[in-house]
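Enquirer: This is the structure, below, for whatever I ask next.
The values are calculated or read from the model by the stated rules, or taken from the named source; none is laboratory data. Because the structure is predicted, anything quoted here is derived from the model rather than measured. With ideal geometry, Cβ positions are generated from the backbone for all residues, glycine too; neighbour counts draw on all protein chains shown.
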Amino acid sequence: MYTDDMKRAFHSLDGTGPKGFTLQIIDHNHFLTVKASEKQFMSLLDEDKRYAVEYMVKVKKALEDNGAIVLLVREGGAE
């Protein structure tokens, strides 16, 4: 369950990821999915890709520190 504390923790990291890169939180009751767009990720410059990965890890840790079980996934890619 995506609690208010988890929302605050997630939003406290706003602005720490690279510009144009966003994450989506999906609540599955027993765990959370943090979804990144592969299209957004692949359009970033090399250094920004590193910042994006660091941002995803920070978001995962912040949510886990507030009691969530977190799954990181990507959306898109070769089809």
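Enquirer: Picking from T22, T16, which residue would you name as being polar (S, T, N, Q) and modelled with pLDDT of 95 or more?
Expert: When all the criteria are applied, what remains is T22.
Enquirer: Confirm whether F10 is hydrophobic (A, V, I, L, M, F, W, C) and crowded, with 16+ Cβ neighbours inside 10 Å.
Expert: Here the answer is yes, as F10 does meet what is asked.
Enquirer: Turning to a different aspect of this structure: Tally the residues that are surrounded by 11 or more Cβ atoms within 10 Å (Cβ to Cβ), among the hydrophobic types (A, V, I, L, M, F, W, C) and part of a loop (DSSP other than H, G, I, E, B), restricting the search to region 18-59.
Expert: 3
Enquirer: Follow-up question, since we're still on this one. Residues of region 18-36 being closer than 17 Å to V57 by Cβ and among the small types (G, A, S), which ones?
Expert: A36
Enquirer: Still on this structure, I have one more. Only one residue in D65, D46 is farther than 18 Å from R8 by Cβ and either in contact (Cβ under 8 Å) with a residue 60 or more places away in the chain or over 12 Å from the mean Cα position of the chain (by Cα) (or both), so which one is that?
Expert: Step by step, each of D65, D46 is checked, and only D46 is farther than 18 Å from R8 by Cβ and either in contact (Cβ under 8 Å) with a residue 60 or more places away in the chain or over 12 Å from the mean Cα position of the chain (by Cα) (or both).
Enquirer: Then there is this: Looking at (1) among the aliphatic types (A, V, I, L, M); (2) in contact with a Gly (Cβ under 9 Å, 6 or more places away or on another chain); (3) over 16 Å from D4 (Cα atoms), which one does L72 not meet, given that it meets all the others?
Expert: (2)
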